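Heads up: the structure comes next, in structure tokens.
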Amino acid sequence: MRIIQTIKELQQTLNQQRQTARSVALVPTMGNLHQGHLQLVSTAQRHADIVVVSLFVNPTQFGANEDLDGYPRTLQDDIDKLEALNTDILFTPSIDEMYPLGGDNTSYVHVPDITNVLCGASRPGHFDGVTTIVNKLFNISRAEFAVFGEKDFQQVAVIRRMVEDLNIPITIITEPTVREADGLALSSRNGYLSKAQRQLAPQLYATLLEVKIAINAGDKNFKQLEANAKDRLTAQGFKPDYVHIFQRNFLRPACDSDIDLIILAAAFVGTTRLIDNLSVNLSIKSL
Ligand code: PAF
């Protein structure tokens, strides 16, 4: 695996490789790689001749009181995992390389509407940071494909909208959430949990499952289901941020006639904010 730190070297390398390779797939990450990320790399390998994994803890997507400083940085471990998968290129730029004039002094990409709800409502500016860095990575790599995980469902929706609005020539591929045996969605932030918090954490998914069962049984009182789910989370020891039932494709509150739904939740366990989601298709009555 070639490890590259500068934009110039990445572009030169990809230009050379493109003489024989047909396509490039990009897997953007912030490192601390787990099985969910490795799944994205394997998917990228099935789609393209060359796979570039980017590893950059992007400061512009963290709020002032969020976990930028404490975010787990495990470079050598990440390198070992990517090498074991025969990844072609790891792009791991510095902050100066990506934001030479500083994060406050750069041009931003802003996607409207769907960034104002869910995580966007609780983390103002977060998605502007995400779309800005992802757009930069798309431009730098000129990748034909980019692969993202569905655990960050809203992030994928926002990126798809950016790609569509700005006519970016890239195909977005998504992979289902990878879970622990007890249902907890894999996340780099799970590493923050104490033993007791780790035991509680799968209840976030269990709550989503309960909502899904109720919807499948014909309950369409979505507001009440959301409120019940938040109460359930609170009773168990979470501090819920939101539980929402949305129309899956347009990311707006669900109404009676919608068939393709998604239940999305964010909740704090101690100071760790976990997110998860679960799709419900009312034309398919199973879990
Ligand atoms: O999902 C993430 O890890 C990040 O938001 C991403 C897409 C790598 C952008 O920094």
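Tabulated data for the structure shown
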{"item": "Degrees between helix 126-141 axis and first principal axis of the chain (Cα, 0 to 90, nearest 10)", "result": "30 degrees"}
{"item": "In sequence order, calculated HN-Hα J values of region 18-26 (Karplus, 6.51, -1.76, 1.60; Hz; x Gly/Pro)", "result": "5, 5, 10, 8, 8, 8, 10, 10, 10"}
{"item": "Helix-only mean residue ellipticity at 222 nm for the chain, each DSSP H run of n ≥ 4 adding -39500 (n - 2.57), per residue, nearest 500", "result": "-11000 deg cm²/dmol"}
{"item": "Kirkwood-based shape ratio for region 1-54, expressed as Rg/Rh from alpha carbons", "result": "0.98"}
{"item": "Calculated from backbone phi, Karplus (6.51, -1.76, 1.60) coupling profile of region 10-16 in Hz, x at Gly/Pro", "result": "5, 5, 4, 4, 5, 4, 4"}
{"item": "For peptides 101-110, 161-170, 224-233, sequence by mean Cβ density within 10 Å, most packed first", "result": "224-233, 161-170, 101-110"}
{"item": "Packing-based order for 67-77, 262-272, using average beta carbon neighbours within 10 Å, highest first", "result": "262-272, 67-77"}
{"item": "Cα gyration tensor, region 79-204 - rounded (a/c under 1.5), prolate or oblate", "result": "prolate"}
{"item": "Considering only the chain, percent of DSSP beta bridges that pair antiparallel, nearest 5", "result": "50 percent"}
{"item": "Distance cut-off 22 Å, percentage of C-alpha pairs in region 6-145 lying past it", "result": "42 percent"}
{"item": "Under the Debye formula (equal points on every Cα, no solvent term), log10 I(q)/I(0) of region 183-287 at q = 0.11, 0.16, 0.17, 0.21 Å⁻¹", "result": "-0.32, -0.66, -0.73, -1.04"}
{"item": "The chain, Cα convex hull volume normalised per residue, Å³", "result": "135 Å³"}
{"item": "Cα centroid separation, region 142-201 to region 238-267 (Å)", "result": "16 Å"}
{"item": "Counted charge near ASN15, where neighbours are those whose Cβ lies closer than 12 Å (Asp, Glu -1; Lys, Arg +1)", "result": "+2"}
{"item": "Efficiency of FRET between PHE268 and GLN16 - r from beta-carbon atoms, R0 51 angstrom, step 0.05", "result": "0.60"}
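Coordinate-derived values only; no laboratory data. No experiment lies behind these values; they were computed from the predicted model shown. We place every Cβ from the backbone using ideal geometry, glycine too, and count neighbours over all the protein chains shown.
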